[in-house]
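Heads up, the thing below is written out as structure tokens.
The values are calculated or read from the model by the stated rules, or taken from the named source; none is laboratory data. Just so we're clear, the structure is a prediction, and the values are computed from it rather than from any experiment. Cβ placement follows ideal geometry from the backbone for every residue including glycine, while neighbour counts extend to all protein chains displayed. Each accessible area value is taken on the protein alone, full model and side chains, heavy atoms only, with ligands, DNA and RNA left out. Shrake-Rupley method; radii C 1.70, N 1.55, O 1.52, S 1.80 Å.
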Amino acid sequence: MKRHKAIRFFMIMMVMLLQLLFLAWIIKEKYEISNFIALVGIISISLLLLFGYRYLDLHHEDYEYEKLIVVIWVPIGAVLCYLISIHLKLGPVIAAGFIGTAVSYLPTINSKSNYLKQLPVPIYCGTFVGMSSVFVIPSLGYVISAGIFAALFLMLSKNLFLGIGGKLGTIAFASVVFITFLNWMVA
């Protein structure tokens, strides 16, 4: 029970920290303001996020994790979308739309298969990772890395943020920000 609560707390803090990291990054790079004003803005947003988490019912009380055999499709969806978008030069929206439409028919292949019914969500989550610009994610290696991180995030956040729109996009966003931040730190 404590382990599940720790994982839940870790996932929520990870989302919050990545959002704050992204905001700080934008503020520091795009605006010429003092560090004090940037810090006050980030602290204000942090308090609003904590208030939202504390008083809104965003999570189930039971602890479930998505199966590895299901989330392994997230990086596959990311790679497919990236290849169609960048290498076939069809663009990210067409690529994501094509893949999303195609995978929506997977459950009809075998209507008795519970496995096929679970695949559209992780593949579609991967397409959001694959929609990244070549300026943000410059190579297939970065796409695979971000897709793996998104798969891990999807696996651990099965019962988090239920009923809130944009969960898959948030997962993809967090994974791309994390990989971009790691690349920035190394460079």
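Tell me, what are the semi-axes, in whole angstrom and largest first, of the equivalent ellipsoid of the chain as set by the roots of 5 times the Cα gyration tensor eigenvalues?
Equivalent ellipsoid semi-axes, largest first: 29, 24, 13 Å.
Between Phe10 and Thr108, what is the label-to-label distance in nm when each label sits 7 Å out along the Cα-to-Cβ direction?
4.1 nm
Would you work out the relative contact order for the chain, in percent, from Cα pairs under 8 angstrom that are 6 or more residues apart?
Computed over the chain, the figure is 28 percent.
Along the charge dipole of the chain, Cβ charges K/R +1 and D/E -1, which of Asn114, Leu17, Met131 sits furthest on the positive end?
Asn114
Quick one: how many Å² of Lys158 are accessible to a 1.4 Å probe, rounded to 10?
60 Å²
Picking from Pro92, Pro122, Pro107, which is most flexible by a Gaussian network model of the chain using Cα springs under 10 Å?
Pro107
Could you order Tyr105, Tyr82 by accessible surface area, starting with the largest, using a probe radius of 1.4 Å?
Result, largest first: Tyr105, Tyr82.
Taking a threshold of 25 Å on the Cα-Cα distance, which of the pairs Lys67/Lys117; Lys67/Lys112; Lys112/Lys158; Lys5/Lys167; Lys112/Lys167; Lys2/Lys67 fall above it?
Checking Cα-Cα distances, Lys112/Lys167 exceed 25 Å.
If you roll a 1.4 Å probe over the chain with all protein chains in place, what percent of the accessible area is carbon or sulfur?
72 percent
Under a point spin-label approximation (7 Å from Cα along Cα-to-Cβ), what is the Lys2-Leu182 distance to one decimal in nm?
3.0 nm
Which residue fluctuates the most in the chain, going by a Gaussian network model with Cα springs under 10 Å, if the choices are Leu20, Leu39, Leu156?
Leu39
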